[in-house]
Amino acid sequence: MKMKKLISILCIGATFLHAKPVVTTSILPTKYFVEQIAGDSVYINHMVNPGSDPHIYEPRPEQMKNLEKSDIFFAVGMEYENNWLPKFAKNYPNLDIVKTQKNVQMLSSIDHKHNDHHHYHHKEHKKSYDGIFDDKDIKNRDISDWNGEYNSIYPYLLNGSFDIVLEAKASASNSNKNFQEYKEYYKKGYKSDINRIVINNENISFHTKNGINKGKYIYKGYDILTYKSGKRGVRYQFENIDPNSKAPKFIQFSDHEITPTKVSHFHIYMGNDSFKKLSLELENWPTFYKSSMTKADIIEDMLEHIDNNFDSHIWLDPILVKIQAKNIADALIAHYPKNRALYEENLDKFYSELDMLDSYIKEQLNGIKNRNFIVYHPSWAYFAKRYNLNQIAIETEGKEPKPVQLANLIKEAKKQNAKVIFVAPQFSKKAAKLIADEVGANIVEIDPLAKDWVKNIKRTADAFKKNL
């Protein structure tokens with residue numbers, strides 16, 4: 001009897017020692033991608049279950065227990081991740097959070113919003129803030145745009161007050177840095193010996209612990225910069241004409257605006273050599289906020305400007321899935337290097353499968369004249385962009401359309417001679433049925449979150465071919 005118990009214990013111990021490592025994915029399609037690369041070398045959990053809305057999902061207690069056992073969490077940029085990734089990082093410090101959307105050029109979800117006056121201006125401001133603009137739209141600005149008293153925010157970074165902001169940045173769907181990387185990035189960026197700047201038209205004073213330096217500045221035009229990311233920025237340039245001044249000879253203001261407007265904060269570049277040399281500075285941009293703003297005001301403003309308005313449905317474009325697959329393979333190799341050959345071989349096979357899927361979709365959609373389709377939830381923007389289709393969404397921002405918006409959608413559906421409205425099992429079909437009844441269209445269900453991903457994408461392409 002004792003011998004049997006001993007053997008049983010040894011068997012349990014051996015099983016434990018040889019147990020597979022555990023990883024967790026955010027959604028089922030990502031689980032499919034990990035399976036293609038990892039094979040049976042890992043045990044794969046997932047968070048969002050079939051039929052659940054991934055935008056507002058909350059992990060269950062048993063899922064959190066499984067996450068605690070995981071080496072890796074494969075994220076994809078879903079809205080629920082914005083709230084939960086900081087918690088995952090805090091509660092499970094050994095968990096490697098891998099953003100499979102890294103290096104993907106993500107689409108703005110603002111483009112899915114109904115085209116009312118507020119959203120139009122929001123969209124235009126966002127483009128400017130993100131460095132997306134035409135040269136012809138840039139206007140000269142007077143130094144009075146920056147009039148006022150401003151304090152450096154560098155001390156807030158050093159004392160940890162901005163940690164909440166950095167955590168939010170690290171959790172953003174388009175982020176390529178973790179919290180600590182952001183901390184080091186902004187330590188270089190915000191660093192400044194100047195603690196206060198007072199601007200009264202052309203008269204600017206720079207306050208340091210050693211005293212105050214003043215200068216008289218005149219406008220010298222602007223410089224347009226294009227960064228490695230492809231985004232662009234405008235720096236407005238002013239020269240100190242006071243020959244006796246110890247203040248910087250050349251300064252550039254950058255505040256993400258390209259037309260005359262009053263500002264609450266700015267980044268400033270300063271030097272005594274030339275504007276050309278200032279334009280080469282990309283690592284240090286001392287940042288100042290209006291002195292009238294409290295620390296809480298500044299944090300709120302920063303959080304508002306963290307862009308979480310990205311469409312996360314990148315897994316519906318087979319070519320973008322290649323980027324996800326590479327990120328997944330890199331993470332698996334980093335954690336389990338002994339399986340490198342397996343992962344690299346499986347990645348190549350998956351690439352080939354993705355290429356064949358891409359060809360299949362193009363073949364199915366070839367010759368379709370009506371490239372417009374109506375969908376309840378705007379999940380298919382990447383698919384539409386890849387295959388030259390136009391997605392018209394009923395629901396935006398997780399909300400049913402208002403009566404006026406619904407009327408406009410019905411009008412648009414009639415104009416486009418819509419024969420089908422696509423819906424997903426995770427969302428309400430009420431508005432879709434109402435529009436379908438009004439225009440005489442069929443309702444067809446397509447699931448953006450199906451686990452059997454390749455089969456599902458093919459089924460979707462078939463549905464488009466049949467109904468468009």
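Counting only C-alpha contacts under 8 Å and six or more residues apart, can you give the relative contact order of the stretch 313-364 as a whole percent?
Values: 22 pairs, mean separation 22.7, N = 52.
For the stretch 313-364, the relative contact order is 44 percent.
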As a test question: what accessible area, to the nearest 10 Å², does residue 60 have when a 1.4 Å probe is rolled over all protein chains in place? 90 Å²
Using alpha carbons only, how many degrees (0 to 90, rounded to 10) separate the axis of helix 430-439 from the longest principal axis of the chain? 80 degrees
Is there a quick way to get the dipole size of the stretch 379-447? I mean about its Cα centre, with the Cβ of Lys and Arg at +1 and of Asp and Glu at -1; what is the value in debye to the nearest 20? 200 debye
Could you list, bin by bin from short to long, the percent of Cα-Cα pairs of the stretch 194-326 in 5 Å steps? 2, 8, 15, 18, 17, 12, 9, 6, 4, 3, 3, 1, 0
Of the accessible area of the stretch 29-93, with the probe set at 1.4 angstrom, what percent is carbon plus sulfur? 48 percent
Table column - 3J(HN,Hα) (Hz), the stretch 251-262, Karplus curve with 6.51, -1.76, 1.60, x for Gly and Pro: 9, 10, 9, 9, 9, 6, 9, 10, 9, x, 6, 6
Between 0 and 90 degrees, rounded to the nearest ten: what's the tilt of helix 28-38 against the longest Cα principal axis of the chain? 80 degrees
With runs of 4+ DSSP H residues as the only contributors, calculate the mean residue ellipticity of the chain at 222 nm using -39,500 (n - 2.57) per run, divided by the residue total and rounded to the nearest 500. -12500 deg cm²/dmol
Could you pull out the GluC sites (Glu not before Pro) across the stretch 361-414 that fall in loop regions by DSSP (anything but H, G, I, E, B) with no more than 16 other Cβ atoms inside 10 Å? 397
Could you give the size of the charge dipole of the chain about its Cα centre, using +1 on the Cβ of each K and R and -1 on the Cβ of each D and E, expressed in debye and rounded to the nearest 20? 580 debye
Which order do 273, 447 take when ranked by solvent-accessible area (1.4 Å probe, heavy atoms of all protein chains), largest first? 273, 447
Return one whole number: the accessible area per residue of the chain in Å², for a 1.4 Å probe. 52 Å²
Amide H proximity to residue 444 below 5 Å, modelled H, separation 5+ or other chain, gives 421, 422, 423
Sort 336-347, 278-289 by the packing proxy (mean of other Cβ within 10 Å over each peptide's residues), most packed first. 278-289, 336-347
Starting from the Cα of residue 459, move 7 Å in the Cα-to-Cβ direction to define the label point; list residues of the stretch 317-355 whose amide nitrogen is under 18 Å from there. 317-318
If you line up the long axis of helix 79-91 against the longest principal axis of the chain, both from Cα atoms, how many degrees apart are they, to the nearest 10? 90 degrees
Extreme residue, positive dipole direction of the stretch 322-468, given options 380, 359, 324 (C-beta unit charges): 380
Can you tell which of 407, 105, 227 lies farthest toward the positive end of the dipole of the chain, using +1 and -1 charges on the Cβ of basic and acidic side chains (Lys, Arg; Asp, Glu)? 105
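Can you give the FRET efficiency for residue 451 and residue 281, using 1/(1 + (r/R0)^6), R0 = 51 Å, r = Cβ-Cβ distance, to the nearest 0.05?
Values: r = 49 Å, r/R0 = 0.96.
E(calc), rounded to 0.05, equals 0.55.
Per the 1.4 Å probe, what fraction of the accessible area of the stretch 323-468, in percent, lies on carbon and sulfur atoms?
Numbers: 3620 of 7430 Å².
So the carbon and sulfur contribution to the accessible surface is 49 percent.
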Residue 264's amide H: which non-local residues (gap 5+, or another chain) put their own amide H closer than 5 Å, with H modeled 1.01 Å from N in plane and none for Pro or chain starts? none
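Could you work out the local net charge near residue 142, counting Lys and Arg as +1, Asp and Glu as -1, over the other residues with Cβ closer than 14 Å to its Cβ?
Numbers: positive: 139, 141, 220, 262; negative: 145, 202, 255, 257.
Result for the local shell: 0.
For the chain, what is the relative contact order in percent, using Cα pairs closer than 8 Å and at least 6 residues apart in sequence? Display every interim value, and only then the final one.
On the way: 756 pairs, mean separation 71.1, N = 468.
RCO, the chain: 15 percent.
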Would you tell me the accessible area of residue 139, worked out with a 1.4 angstrom probe on the heavy atoms of the protein chains, in Å² to the nearest 10? 100 Å²
Between the stretch 355-401 and the stretch 58-93, how far is it from one alpha carbon centroid to the other, in angstrom? 30 Å
DSSP beta bridge pairing in the chain, given as percent antiparallel to the nearest 5: 65 percent
Distance in nm between label sites at residue 224 and residue 65, each 7 Å beyond Cα in the beta-carbon direction? 5.9 nm
Which of the chymotrypsin sites (Phe, Trp or Tyr not before Pro) found in the stretch 166-248 are in a DSSP loop and have at most 15 neighbouring Cβ atoms, other than their own, within 10 Å? 227
Sequence-distant or interchain residues sharing an amide H contact under 5 Å with residue 25, placed H: which? 45, 46, 47, 74
Rounded Å value of the spacing that divides the Cα centres of the stretch 264-285 and the stretch 403-468: 51 Å
At R0 = 45 Å, FRET efficiency that the Cβ-Cβ distance of residue 434 and residue 301 yields, to 0.05: 0.65
When P(r) over Cα pairs in 20 Å bins from 0, in percent is calculated directly from the model, which label among [x] 20, 44, 29, 6, 0; [y] 24, 54, 21, 1; [z] 24, 50, 15, 7, 3, 0 fits? [x]
FRET efficiency for residue 188 and residue 134, Cβ-Cβ distance as r, R0 = 25 Å, nearest 0.05? 0.20
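The values are calculated or read from the model by the stated rules, or taken from the named source; none is laboratory data. Only a predicted model underlies this, so the values are computations on that prediction, with no experimental measurement involved. A quick note on method: Cβ atoms are made from the backbone with ideal geometry, for glycine too, and the neighbour counts reach across all protein chains shown. Remember, those area values only see protein heavy atoms, side chains included, never the ligands or the DNA or RNA. Shrake-Rupley method; radii C 1.70, N 1.55, O 1.52, S 1.80 Å.
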